[in-house]
Amino acid sequence: MTSAQLEIQLIASLVAIACAIPGTFLVLRKMALISDAISHSILPGLVIGFFITHDLGSPLLIIMAALSGVVTVVLVEFIQKTKLVKEDTAIGLVFPAMFSIGVILISKNANDIHLDTDVVLLGELAFAPFDRFLLDGMDLGPKSLWTIGVILIITLSLLFAFFKELKISTFDAGLATALGFSPAVLHYGLMSVASVTTVGAFDAVGAILVVALMIAPAATAYLLTDNLKKMLLLSVFFGVFSAISGYWLAHWLDASISGSMTTILGMVFLLVYLFAPKRGLISVLYRNKQQQIEVSLLTFLLHLNNHTEKNERHINHLNEHINWQKVRSKSVVDLALRNNMITIDKDIISLTEKGKNFTDKAIDYIITNDDSKIESIKEDFFLFRG
Amino acid sequence: MSFTEYFELLFNDYTLRTISLGTAILGAICGMLGSFAVLRKQSLLGDAISHAALPGIAIAFLITGTKETNVLLIGALISGLIGAFWIRGITRRTHLKSDTALGLILSIFFGFGMLLLTYIQKQPNANQAGLDKFLFGQAATLLARDVWFMATVTLVCLLVLLLFWKEFKILLFDADYAKTLGFNTKMIDTLITSFIVLAIVLGLQTVGVVLMSAMLLAPAAAARQWTNSLGIMVVLAAFFGATSGVIGTAISASQNNLSTGPVIVLVAAAFVVFSFIFSPSRGLLFRQIRFVKNRKDLQLHKTLAFMFDIAKSHENISHPHTVKILNNFHGYTRKSLSKLEDKEYIRVEGLMWAMTEKGFHFAENLYNQQVEEND
């Protein structure tokens with residue numbers, strides 16, 4: 001591994017961390033798409049900044065870009081406030097217009113310079129190590145490393161300073177206002193951080209990856225935990241993991257680094273989406289299926305409980321009587337047998353002691369809706385958990 | 001370029017005619033289907049789907065090796081549909097909200113698409129150039145048969161729309177009611193989502209992945225301001241879309257180095273801004289005018305009510321009083337006084353005013369809606 005490779009991975013990881021932190025809050029506040037809007041609409045700011053300075057490395061560019069990000073947020077909110085269109089329509093109207101202005105400015109005026117819409121969308125991480133930060137002829141490492149490092153430090157110190165405020169205002173805006181935190185200040189603070197991070201990061205990784213790095217790790221983490229601190233840590237972990245493995249995938253395929261980082265993020269999300277223990281697709285489907293069977297089981301047990309006559313409890317009669325298909329009734333009977341709730345004697349089904357007990361508890365629960373009655377059976381049955 | 005020149009070119013120049021026709025058709029179909037997207041609060045679905053279509057284009061190229069637009073667009077259609085239905089899966093099956101799902105699918109699919117595109121670019125065969133036209137779109141690459149294809153698709157969409165108009169409408173405004181009436185809501189929902197994906201895919205070649213969402217949204221958002229009826233909205237949106245397509249093409253053709261996609265988007269955005277401000281019933285300008293007028297009326301009524309209070313204590317209601325007893329607090333200004341006189345609610349003579357019969361009656365029933373209706 002050469003030092004350039006190491007530097008690329010370091011920059012990518014720092015970008016991932018810097019994006020994951022505001023991203024987590026954006027996802028929790030249901031404002032994930034604002035990052036998409038910002039990442040597109042910083043383009044005109046960048047271009048105008050470039051026309052003023054004629055230097056792609058100037059800090060004015062970053063300031064102008066971040067400014068146009070904030071302008072986008074303000075514009076979106078203004079349109080939302082007029083109530084002429086729905087909230088998401090406002091986002092969808094503002095950023096393509098801003099982006100179009102940027103594209104037109106570039107194509108009209110900057111044809112011969114190094115400011116390309118492809119670069120804006122994709123970034124070029126591979127070249128980041130060649131743009132060195134020189135101070136008195138001393139090589140202090142790549143420029144983007146410094147940019148993103150500074151942004152990360154600011155983000156982290158803001159996070160530690162205002163963690164409590166952010167947490168409260170994210171989950172209970174009303175309480176936060178009542179406690180005296182200004183929701184507007186926090187909101188615009190977060191937006192500014194998101195804006196600055198987007199600008200700083202997109203120089204290195206491009207507009208789209210910024211969106212991916214903000215939303216995907218946070219969304220993945222949100223499927224795994226409900227705890228804000230854990231969610232932050234997990235999304236940082238996912239971000240860094242995809243940054244490093246994405247780099248090696250790109251190295252192997254000889255393709256865009258930001259593209260492959262995003263692809264890894266997508267695959268991680270897909271895996272978690274399918275296999276997350278509680279919220280994953282498979283466990284959700286499994287739980288639904290179980291609940292369905294358990295409802296059937298309960299119906300079945302209640303039926304048995306209600307009938308003492310033998311012909312009502314004959315195994316074939318049940319098929320007709322509860323109107324279930326063969327397979328379903330078989331699986332229900334099997335489940336009940338396995339749990340020792342019924343016994344079958346010459347095709348006549350009767351409740352065991354345990355089954356009777358269970359049914360009584362279930363009836364109690366249904367009638368009183370009192371949780372304490374079913375504490376003991378909760379463990380075995382999904383039905384009574386949720 | 002003057003207007004006459006433009007029209008001459010439009011009729012004689014094959015390229016300009018094809019592109020204008022193409023962008024007009026595209027604008028129309030996008031406006032039509034965009035109305036549904038906007039009203040279903042799925043405005044940004046278009047953005048997500050257009051980005052999600054990118055890997056499909058790349059994969060279609062990798063498999064077939066052709067740059068035949070229709071083949072690539074089929075790839076785009078498939079991956080756009082996968083994206084759209086995955087978004088739905090995420091919002092339905094997990095607790096992630098729709099904005100997260102949209103942003104996630106958008107960025108991940110797009111990133112994957114870019115990975116494939118850069119991978120293709122590094123491939124040895126030289127056939128790959130030009131795939132990136134789908135990023136920003138190149139209206140100049142539109143051929144007559146592309147336009148024919150777009151027209152056919154638009155026609156089919158229109159037919160289906162007319163055929164299922166009632167179902168679409170009822171699903172839009174009251175999905176539960178539609179269900180109780182026995183409509184297969186899932187089917188209608190899938191149908192309309194598929195159409196939106198189709199419209200987006202059609203536009204990729206012209207406007208490109210990044211700006212496609214605006215084509216879908218802007219005409220519909222503009223049309224929404226002018227009407228409350230779905231039918232009129234759809235027609236208006238189609239008209240706005242087609243017009244922005246034609247105007248955008250004209251502007252970009254008149255100058256060098258002006259890509260068509262962004263110009264069309266900006267023209268559509270201008271429609272939106274105009275509608276936001278000047279729409280008679282919802283527009284900001286008329287809303288402000290109504291607001292000011294209401295405030296002035298209120299001031300006038302306040303003055304009148306105060307006068308009424310004084311006048312009713314006298315036997316002769318037209319007994320004159322000095323102007324001095326009125327003050328600003330009751331909304332009195334010189335202007336409001338003359339306005340009241342204009343309406344013949346009062347008579348002013350020198351520094352005295354007196355209430356008229358008409359003014360007394362009006363002031364008496366100022367806050368009494370019931371009487372006015374009976375009159």
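The values are calculated or read from the model by the stated rules, or taken from the named source; none is laboratory data. Treat the numbers as computed from the prediction; the structure is a model and nothing was measured. Cβ coordinates were reconstructed from backbone atoms using ideal geometry, including for glycine residues, and neighbour counts include every protein chain displayed. Ligands, DNA and RNA are stripped out before the accessible areas are found, and what is left, the full protein with its side chains, is counted by its heavy atoms. Shrake-Rupley method; radii C 1.70, N 1.55, O 1.52, S 1.80 Å.
You will find that of B:275, B:318, the residue that is among the polar types (S, T, N, Q) and not assigned by TED's automatic domain parsing to the domain that holds residue B:364 is B:275 and no other.
Any chance region B:160-183 includes a residue that's within 30 Å of residue A:253 (Cα to Cα) and under 23 Å from the mean Cα position of the chain (by Cα)?
Keep residues of region B:160-183 that are within 30 Å of residue A:253 (Cα to Cα), which gives none.
No: zero hits.
When residue A:311 is tested against the conditions (1) within 30 Å of residue B:123 (Cβ to Cβ); (2) open to solvent by 40 Å² or more (accessible area, probe 1.4 Å), the lone failure is (1).
In region B:86-117, the residue that is most open to solvent (accessible area, probe 1.4 Å) out of those that are charged (D, E, K, R) and part of a helix (DSSP H, G or I) is B:92.
Working carefully through the options B:120, B:82, B:74, find the one that is open to solvent by 60 Å² or more (accessible area, probe 1.4 Å), in a helix (DSSP H, G or I) and over 17 Å from residue A:274 (Cα atoms). Steps first, answer last, please.
Numbers: B:120 fails: open to solvent by 60 Å² or more (accessible area, probe 1.4 Å); B:82 fails: over 17 Å from residue A:274 (Cα atoms).
Just a single option satisfies the conditions, and that option is B:74.
Taking the conditions exactly as written (within 51 Å of the chain's Cα centre (by Cα), modelled with pLDDT of 80 or more and surrounded by 15 or more Cβ atoms within 10 Å (Cβ to Cβ)), does residue B:354 satisfy them or not? Criteria not met by residue B:354.
Just the residues that are polar (S, T, N, Q) and either outside the structural domain of residue A:21 (by TED's automatic domain parsing) or at pLDDT 85 or above (or both), please, taken from region A:134-163. If you could, list the steps in order and put the result at the bottom.
If we filter region A:134-163 for residues that are polar (S, T, N, Q), which is where we start, we get A:144, A:147, A:155, A:157.
Selection gives A:155, A:157.
A single entry from A:380, A:360 fulfils the requirement of being part of a helix (DSSP H, G or I) and either open to solvent by 50 Å² or more (accessible area, probe 1.4 Å) or at pLDDT 75 or above (or both): A:360.
Can you confirm whether residue B:129 is surrounded by fewer than 18 Cβ atoms within 10 Å (Cβ to Cβ), at pLDDT below 85 and within 14 Å of chain A (Cβ to nearest Cβ)? Yes, satisfied. If the condition is being over 13 Å from the mean Cα position of the chain (by Cα) and open to solvent by 30 Å² or more (accessible area, probe 1.4 Å), then region B:260-276 contributes only B:266. Could you list, in sequence order, the residues of region B:243-259 that are surrounded by 18 or more Cβ atoms within 10 Å (Cβ to Cβ), in contact with a Phe, Trp or Tyr (Cβ under 9 Å, 6 or more places away or on another chain) and not hydrophobic (A, V, I, L, M, F, W, C)? If the condition is that a residue be surrounded by 18 or more Cβ atoms within 10 Å (Cβ to Cβ), in contact with a Phe, Trp or Tyr (Cβ under 9 Å, 6 or more places away or on another chain) and not hydrophobic (A, V, I, L, M, F, W, C), then B:243, B:244, B:259 are the ones that fit. Look at (1) more than 29 Å from residue B:17 (Cβ to Cβ); (2) within 11 Å of chain A (Cβ to nearest Cβ) and you find that residue B:217 fails only one, number (1). When residue B:282 is tested against (1) in a helix (DSSP H, G or I); (2) in contact (Cβ under 8 Å) with a residue 40 or more places away in the chain; (3) under 30 Å from residue B:336 (Cβ atoms), just one condition goes unmet, and that condition is (1). Of the residues making up region B:241-264, those that are facing chain A (nearest Cβ under 9 Å), among the aliphatic types (A, V, I, L, M) and in a helix (DSSP H, G or I) number 2.
Closer than 16 Å to residue B:209 by Cβ and over 31 Å from the mean Cα position of the chain (by Cα), is that true of residue B:106? Against the criterion (closer than 16 Å to residue B:209 by Cβ and over 31 Å from the mean Cα position of the chain (by Cα)), residue B:106 does not qualify.
Which residue out of A:215, A:208, A:168 is within 13 Å of chain B (Cβ to nearest Cβ) and modelled with pLDDT of 85 or more? Please lay out each step first, then the result.
Values: A:208 fails: modelled with pLDDT of 85 or more; A:168 fails: within 13 Å of chain B (Cβ to nearest Cβ).
When all the criteria are applied, what remains is A:215.
Just wondering, is there one or more residues in region A:219-238 that are away from chain B (no Cβ under 12 Å), outside any helix (DSSP H, G or I) and under 30 Å from residue A:361 (Cβ atoms)? The answer is no; no qualifying residue exists.
Restricting to region A:173-205, give me the number of residues that are within 14 Å of chain B (Cβ to nearest Cβ) and over 13 Å from residue A:42 (Cβ atoms). Spell out how you get there, then give the answer.
Taking region A:173-205 as the starting set, the residues that turn out to be within 14 Å of chain B (Cβ to nearest Cβ) are A:194, A:198, A:201-202, A:205.
Filter once more, keeping what is over 13 Å from residue A:42 (Cβ atoms): A:205.
Total meeting the criteria: 1.
Checked against (1) within 8 Å of another protein chain (Cβ to nearest Cβ); (2) closer than 28 Å to residue B:263 by Cα; (3) among the hydroxyl-bearing types (Ser, Thr, Tyr), residue B:79 passes all but a single condition, namely (1). In region B:1-59, the qualifying residues are those that are in a loop (DSSP other than H, G, I, E, B) and either modelled with pLDDT of 85 or more or within 14 Å of another protein chain (Cβ to nearest Cβ) (or both), and the one that is nearest to the chain's Cα centre (by Cα) is B:43.
The set of residues in region A:280-301 that are of a type outside the set (S, T, N, Q) and open to solvent by less than 60 Å² (accessible area, probe 1.4 Å) comprises A:280, A:281, A:284, A:293, A:294, A:297, A:298, A:300, A:301. Quick one: is residue B:324 touching a residue at least 24 places away in the same chain (Cβ under 8 Å), among the charged types (D, E, K, R) and closer than 18 Å to residue B:365 by Cα? So residue B:324 does not fit the description; no. Scanning region B:53-71 for residues that are out of contact with any Gly (no Cβ under 6 Å at 6 or more places or on another chain) and buried (at least 18 other Cβ atoms within 10 Å of the Cβ) turns up B:61, B:69. Where helices (runs of 4 or more DSSP H) fall entirely within region A:1-113, those with at least 1 residues that are closer than 19 Å to residue A:197 by Cα, more than 11 Å from chain B (Cβ to nearest Cβ) and open to solvent by less than 10 Å² (accessible area, probe 1.4 Å) are at A:3-28, A:32-53, A:59-82.
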